[in-house]
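Here the structure is laid out as structure tokens; the discussion comes afterwards.
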Amino acid sequence: MQEMELTISDIRVETPLVRSLGLRAPDRSPLPPFAPGAHLQVRIPGLADARCYSLVTFVPEAGCFAAPQAYRLGVRIEADSSGGSRFMHGLSVGDTLTVTGPKNDFPLHAAEADETETVLIAGGIGITPIAAMASALQAAGRPWSMHYSGRSLDQLAFKDELAALAGPALHLHADDDAASRLDIGALLDGLSTTQHLYVCGPKGMIDAVIEGAKKRGWPACHVHFELFTSAAPLAGDQPFEVELSQSGKVLTIPADKTIVEVMEEAGCDPMYDCKRGECGVCTATVLEGEPDHRDYFLSDAEKAGGKLIQICISRAKSPRLVLDL
């Protein structure tokens, strides 16, 4: 992936919590192409890990992906921000960002001969990659519809742009309005398992779509999602030990840290990428103990077998795990 220095060309206040940032090359030259669903990794001063922000566009033209003159990011300020969204909301026009990308872990499926309507589902700031997908589908003349949900209608960013792009294909939902509140079960009941589903938003929404689709017989390859939330402790999490069988090292994993984090602190060099349990790069073999699976990568059968674990996010149900690392 390419590292670039980009300049903030404009800033728009989309809602009280969401700003969008336009990014251009300092010499105004064209930027690298991107595909719908792609994101940039933004280097945040003082933070070890880059923050990922999806590229958003509402232009239903192939050229906006193939030869973009500018990128646009949507950023929601988070009350419990670790520094990323606060930094992004503190930027001004003319400031410079160091970014890497574009990278795409959330690609659109290729057009199919017997293609049915693609269903896009977004919650909150999860609209950013979903809007780019809508633009690409519209540009290609492929059938699609969108369901966009938030706590209230005034918290739905980019409503006007989406309405102009989608027309009757756009369905807005607000949690504070019983008449329009998104009912994922009812939505899925009205669809066919031949349709592709794309969902991005809060973890609870993604989990509900995944589980609802699974219960209704959707093939896993038709259910696509992206979750930008990293591992977070859950109520009741306890420390546990991990033995690395290849070196004999024994590490204590506290309730508020992951196996990957503790390994790095101990001077190990574990392989990982997304740190969200989606990509599978950090898969490790379990030699002893019972994993507490929290990933989205392993199949139900693999989880039941208990022989694999995603060390970036999953934990242990047993007091100790022995891993082939």
Completion exercise
Quarter of the surface of the C-alpha convex hull for region 106-177, i.e. direction-averaged projected area in nm², equals 4.9
Exercise for the section: Work out the charge dipole of the chain with +1 on the Cβ of Lys and Arg and -1 on the Cβ of Asp and Glu about the Cα centre, then indicate which of 21, 145, 135 is farthest towards its positive end. Expected result: 21
Fill in the blank from the handout: Which of 214/249; 103/203; 159/317; 103/317; 214/317 exceed 32 Å between C-alpha atoms? The answer is 214/249; 159/317; 103/317
Problem - Overall dimensions of region 52-169 as given by Cα atoms, namely Rg and Dmax in Å - result: 15.4, 48
Fill in the blank from the handout: Asserting the computed 222 nm helical MRE of the chain (DSSP H runs at least 4 long, -39500 (n - 2.57) per run, divided by residue count, to nearest 500) equals -5500 deg cm²/dmol
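Based on the mean of other beta carbon atoms within 10 Å per residue, what is the order of 98-107, 296-305, most packed first?
Descending mean neighbour count gives 98-107, 296-305.
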Fill in the blank from the handout: Semi-axes (Å, rounded, descending) of the ellipsoid equivalent to region 155-200 per its C-alpha gyration tensor are 20, 16, 9
Practice task
Would you kindly compute the Cα radius of gyration of region 33-83 and its largest Cα-Cα separation (Dmax), both in Å?
Solution key: 13.2, 38
Exercise for the section: Using a cut-off of 15 Å between beta-carbons, work out the net charge of the residues near residue 146 (Lys and Arg +1, Asp and Glu -1, residue 146 not included). Expected result: -1
Exercise for the section: Could you tell me, in Å, what Rg and Dmax come out for the Cα atoms of region 1-107? Expected result: 13.2, 38
Handout entry: In Hz, Karplus ³J(HN,Hα) per residue of region 17-27 (6.51, -1.76, 1.60; θ = phi - 60°; x = Gly, Pro)
Key = 10, 10, 10, 10, 10, x, 10, 9, 5, x, 9
Completion exercise
Hull surface over four for the Cα convex hull of the chain, reported in nm², is 17.7
Practice task
Give the calculated FRET efficiency between residue 211 and residue 92 to the nearest 0.05, with a Förster radius of 30 Å applied to their Cβ-Cβ distance.
Solution key: 0.10
Exercise for the section: For region 199-271, would you read off the P(r) tail past 19 Å as a percentage of all alpha carbon pairs? Expected result: 55
Completion exercise
Largest fluctuation, 222, 173, 196 only, Gaussian network model of the chain with Cα springs under 10 angstrom, belongs to 222
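No lab work stands behind these numbers, since they all come straight from the coordinates. Quick caveat: nothing in here was measured; it's all calculated off a predicted structure. Positions of Cβ are backbone-derived with ideal geometry, glycine not excepted, and every protein chain shown enters the neighbour counts.
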